[in-house]
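The values are calculated or read from the model by the stated rules, or taken from the named source; none is laboratory data. The shown structure was predicted, so the numbers you read here are calculated from the model rather than taken from an experiment. Please note: Cβ atoms are built from the backbone with ideal geometry, for glycine as well, and neighbour counts cover all protein chains shown.
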Amino acid sequence: MSGPLASLKVLDFSTLLPGPFASLLLADMGADVLRIESPSRMDLLRVLPPHDQGTSASHAYLNRNKRSLALDLKQAEALEIVRALVKDYDIVLEQFRPGVMERLGLGYEALKAINPRLIYVSITGYGQTGPYKDRAGHDINYLALAGVASYTGRQDSGPVPLGVQVADVAGGSLHAVVGLLAAVIARQHSGVGQYLDVSMTDCSFSLNAMSGAGYLACGVEPAWENQVLNGGSFYDYYRTRDGRWMSVGSLEPAFMQQLCAAFGRPELAAKGLSLELKTALQIEFEKRSFEELCELFAGVDACVEPVLSLSEAVEHPQLKARELVSQVPRGDGSTQAQLACPLKFSQGLPEPRHIGVAVGAHSDEVLAELGVSVQRIAELRQAKVVG
């Protein structure tokens, strides 16, 4: 199987999480992704713990199925190599601050002149325009400025630092993939590429979805625990007798009735979405252990599920049935367990080829594909143009 994106070739200049997660999805779907990495300035993701056999597990996952070409972009010869590559590539993905690629001579206008079909994607914290365009930031900052943190938390403790990087992944990565694939479709009709400006803050702002719609149209300001879905109703997490947690999402009357009936308290369903129901449910949950509650709701279709640790989630029969863990070749004959691509195509996806590789692992291979001689490659290495 070659995958639905086997016809696409991607030059990936990104580091850390947002860009690499986007290009991981592309690579998993069959795209030929070539990372352009600095031979001297390491992607910090490579040293992020924990490590498996000396390799960052995060890096090994986020960069699987990708090749690596190490180039010192401060040297003219390296820039010429990039320009030669661009002639044969569909997409450039970069994550520098605004203006960096232009100063290198690798901005959209410069590369479009070489390949008019090129689709150029820039992922940044705040976008290419506006007073914050040159400002540094991280996931927590983007969610804060986008308004998301103002109603994601508790009244007595404030906003919650999320364990999942929502702005980076749901904001930057996924929107970038959606946008660039839309540009690919448009190019099929027009024959020309285009530039895509992806701001993680912009995309996080759009994730306000229902609360944002309510505020803009009706002036209803969301705040901690004042809405149905953010703790302002019985839709919430409940502590068990032994200190574990259960999730309750029984919003519809039929589910609410089954929830209350499971506790032997069918009369509670008459309380609707009220906080009074929430208080009553807290008492019922705290009467029982986590195991008792899992058994109680195992056969009840009431939108009640246990809060699992990651180790428990990996072993859950639903996730196992969906084959969400994949064994990916390391390159030495062994494999590493990784999160699998969650997309299910009727024609399937190609098997994972390898985990993330060392910096410049494919430099010689890529240069040879460009027609560079073995002697010239050696000279470029000697000059530290190539790593």
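Of G264, G272, all but one fail to be at positive phi and exposed (fewer than 12 other Cβ atoms within 10 Å of the Cβ); the exception is G264. In the range 101-124, the residues that are free of Cβ contacts under 8 Å to residues at least 12 places away in the same chain and assigned by TED's automatic domain parsing to the domain that holds L196 form no Cβ pair under 9 Å with any partner that is in a loop (DSSP other than H, G, I, E, B) and of a type in the set (K, R), whether six or more places apart or across chains.
Restricting A361, A340 to residues that are modelled with pLDDT of 95 or more, in contact with an Asp or Glu (Cβ under 7 Å, 6 or more places away or on another chain) and among the aliphatic types (A, V, I, L, M) narrows the list to A340. M246 fulfils the conditions (1) part of a strand (DSSP E or B); (2) over 16 Å from L293 (Cα atoms) except for a single criterion, (2). Can you name the residue in the range 40-54 that is in contact (Cβ under 8 Å) with a residue 12 or more places away in the chain and surrounded by fewer than 19 Cβ atoms within 10 Å (Cβ to Cβ) and is also farthest from S2 (Cα to Cα) among such residues? Of everything passing the filter in the range 40-54, S40 is farthest from S2 (Cα to Cα). Of all the residues in the range 195-209, those that are farther than 10 Å from L143 by Cβ, crowded, with 18+ Cβ neighbours inside 10 Å and touching a Phe, Trp or Tyr at 6+ places or on another chain (Cβ under 9 Å) number 5.
Say we look at the range 10-52 and pick out the residues that are out of contact with any Lys or Arg (no Cβ under 7 Å at 6 or more places or on another chain), among the charged types (D, E, K, R) and assigned to a strand (DSSP E or B); which of these is farthest from K74 (Cα to Cα)? The selected residue is D52. Of the helices (runs of 4 or more DSSP H) lying entirely inside the range 306-379, those carrying at least 3 residues that are touching a residue at least 40 places away in the same chain (Cβ under 8 Å) and over 26 Å from the mean Cα position of the chain (by Cα) are 363-369. Scanning the range 166-173 turns up at least one residue that is buried (at least 18 other Cβ atoms within 10 Å of the Cβ), within 30 Å of L85 (Cβ to Cβ) and touching a strand residue (DSSP E or B) at 6+ places or on another chain (Cβ under 7 Å).
Going by the conditions given, is L162 surrounded by fewer than 17 Cβ atoms within 10 Å (Cβ to Cβ) and without any contact (Cβ under 8 Å) to a residue 12 or more places away in the chain? Taking the combined requirement at face value, the residue does not satisfy it.
Every residue in the range 84-135 that is under 19 Å from H175 (Cα atoms) and among the aliphatic types (A, V, I, L, M), please. Once the filter is applied, which keeps residues that are under 19 Å from H175 (Cα atoms) and among the aliphatic types (A, V, I, L, M), the range 84-135 yields I91, V92, L93, L118, I119, V121, I123. In the range 120-150, the residue that is farthest from A176 (Cα to Cα) out of those that are under 19 Å from the mean Cα position of the chain (by Cα) and of a type in the set (S, T, N, Q) is N141.
If you check E276 against the conditions, is it over 30 Å from D52 (Cβ atoms) and either part of a helix (DSSP H, G or I) or among the small types (G, A, S) (or both)? Considered against the rule, which asks whether it is over 30 Å from D52 (Cβ atoms) and either part of a helix (DSSP H, G or I) or among the small types (G, A, S) (or both), E276 comes out as yes.
Every residue in the range 262-304 that is more than 14 Å from Y238 (Cα to Cα) and small (G, A, S), please. Within the range 262-304, A262, G264, A269, A270, G272, S274, A298, G299, A302 meet the criteria.
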